[in-house]
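Have a look at the structure below, then the notes.
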Amino acid sequence: MRQKLLLTTIICLILTFSLSIAALGCPKPVINEISPASGVTGDAVNVTINGSKIRKNAVVKLVSEGQPDIIASDINVVSKKEINCMFDLKGANVGKWDLVVANIGRFSKKPKPTTVENAFSVEYPAPTISSVNPAKGFNSHTRVPVVVFGTGFKDGASVKLVKDNKNVVEASNIRVVSETSLTCDLNLTNAGADTYDLTVTNADGKGFTLANGFSVLGAKKPTPAPAPEPKVNPNSLLKPIFFDYDSYSIRNDQLTTLKINLEVLKKNPKLYVVLGGHADERGTVKYNLVLSAKRAEALKKYLVQNGISSRRIILFAYGKLHPAKKGH
């Protein structure tokens, strides 16, 4: 009886020792590095975890206080020093997450986890720019209001005009209207006339550059007003018409001068004209008055026939009392 009891005790001790060895044989993994150590919310990211003592049945997850755990999928334990897996970051909050890698006991099925705090970052996507309105402005303007359209704009974003990797203009009064549009003001007075890249950078340092996105134009030079034409008294443009002795027929050599007078009257429709007929000292006063009147009538007839209203023409006969030129 005593031998049976002793045998039973020995067997129990052996089983207890075996279970203890089995339990002790499942160590916690050692984690040295995760790469990449960040991903964009909404994306799926494949990572590689390096360390040691990683078991074939290891599990991986990301943990953040107050958030659902992100359980890794497609786990592939390459060796005791390396494990590959994928995190689906759809709906994941932006910020730091703890990395948890656990070996699972073969018999106990209990996890032996190792936690690396703040090992992984979930980030916003970088912004993009699709268009700018207006896409140009004059460098004489101290304030050019601009609207930038794109995606991923966040509060705290900055906007700059860049040339040859140098900041030329930093926007002011930036207002993020939504993730797809923002407004700002550009002071272009220190920018030379040229084409510039437009850059939007969020507070997390992620940015986007729209190459040749904005053009600065040279200051508009005022168009000088045309010099006023000197005022000319139209009466001074009218020339005398000469007749042969004792005749009121218009001479051929006077037609050119007469046409010039006609054009002056047409260009000055408000101008009235006094046609004064003259004669020389030869002949009687009465005869010369009639002759000078006929000369004036001959000129009036020509002007009326060529489009000048008779109401604009006043006739006057001077006769021999006021000859155009004394001494015939």
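Go through region 81-104 and report how many residues are more than 17 Å from Pro36 (Cβ to Cβ) and surrounded by fewer than 17 Cβ atoms within 10 Å (Cβ to Cβ).
Result for region 81-104: 5.
Please find, within region 195-217, the residue that is farthest from Ser130 (Cα to Cα) out of those that are of a type in the set (A, V, I, L, M), in contact with a Gly (Cβ under 8 Å, 6 or more places away or on another chain) and not in a loop (DSSP other than H, G, I, E, B).
Leu217
Any residue at all in region 218-228 that's over 29 Å from Arg175 (Cβ atoms), at pLDDT below 95, of a type in the set (Ser, Thr, Tyr) and not in a loop (DSSP other than H, G, I, E, B)?
no
Considering only region 171-188, state which residues are among the β-branched types (Val, Ile, Thr) and either exposed (fewer than 14 other Cβ atoms within 10 Å of the Cβ) or without any contact (Cβ under 8 Å) to a residue 12 or more places away in the chain (or both). Don't jump to the end; show me each part of the working.
Filtering region 171-188 down to residues among the β-branched types (Val, Ile, Thr) leaves 174, 176-177, 180, 183.
The one that is among the β-branched types (Val, Ile, Thr) and either exposed (fewer than 14 other Cβ atoms within 10 Å of the Cβ) or without any contact (Cβ under 8 Å) to a residue 12 or more places away in the chain (or both): Val177.
Could you count how many residues in region 203-229 are in contact with a Leu (Cβ under 9 Å, 6 or more places away or on another chain), at positive phi and either of a type in the set (Val, Ile, Thr) or without any contact (Cβ under 8 Å) to a residue 12 or more places away in the chain (or both)?
0
Among the numbered criteria (1) modelled with pLDDT of 95 or more; (2) buried (at least 17 other Cβ atoms within 10 Å of the Cβ); (3) of a type in the set (A, V, I, L, M, F, W, C), which one does Ala44 miss?
It is condition (2) that Ala44 fails.
Take Ile129 and tell me if it is more than 30 Å from Gly213 (Cα to Cα), surrounded by 14 or more Cβ atoms within 10 Å (Cβ to Cβ), in contact with a Leu (Cβ under 6 Å, 6 or more places away or on another chain) and at pLDDT 95 or above.
Details: more than 30 Å from Gly213 (Cα to Cα): no; surrounded by 14 or more Cβ atoms within 10 Å (Cβ to Cβ): yes; in contact with a Leu (Cβ under 6 Å, 6 or more places away or on another chain): yes; at pLDDT 95 or above: yes.
It is false that Ile129 is more than 30 Å from Gly213 (Cα to Cα), surrounded by 14 or more Cβ atoms within 10 Å (Cβ to Cβ), in contact with a Leu (Cβ under 6 Å, 6 or more places away or on another chain) and at pLDDT 95 or above.
Residues are listed down the side, and each one gets a yes or a no for (1) farther than 16 Å from Pro234 by Cβ; (2) under 60 Å from the mean Cα position of the chain (by Cα); (3) exposed (fewer than 13 other Cβ atoms within 10 Å of the Cβ):
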| residue | (1), (2), (3) |
| --- | --- |
| Ser249 | yes, no, yes |
| Asn261 | no, yes, no |
| Asp280 | yes, no, no |
| Gly283 | yes, no, no |
| Val290 | yes, no, no |
| Ala298 | yes, no, no |
| Tyr302 | yes, no, no |
| Pro323 | yes, no, no |
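Testing Arg106 on (1) touching a Cys at 6+ places or on another chain (Cβ under 8 Å); (2) at pLDDT 95 or above; (3) basic (Lys, Arg), one condition comes back false. Which one is that?
(2)
Of the residues that sit in region 64-78 and are surrounded by 16 or more Cβ atoms within 10 Å (Cβ to Cβ) and hydrophobic (A, V, I, L, M, F, W, C), which one is nearest to the chain's Cα centre (by Cα)? Step through it out loud before you land on a result.
The initial filter retains those residues of region 64-78 that are surrounded by 16 or more Cβ atoms within 10 Å (Cβ to Cβ), namely 64, 70, 72, 75, 77.
This time we only want the ones that are hydrophobic (A, V, I, L, M, F, W, C), so: 70, 72, 75, 77.
Working: Ile70: 42, Ala72: 44, Ile75: 48, Val77: 52 Å.
Only one residue fits best here, namely Ile70.
Of the residues Val200, Val232, Val168, Val162, which single one is in contact with a Pro (Cβ under 6 Å, 6 or more places away or on another chain) and either among the aliphatic types (A, V, I, L, M) or without any contact (Cβ under 8 Å) to a residue 60 or more places away in the chain (or both)?
Val200
The values are calculated or read from the model by the stated rules, or taken from the named source; none is laboratory data. Since the model is a prediction, treat every value here as computed from it, not as a measurement. Backbone-built Cβ (ideal geometry, glycine too); neighbour counts: all protein chains shown.
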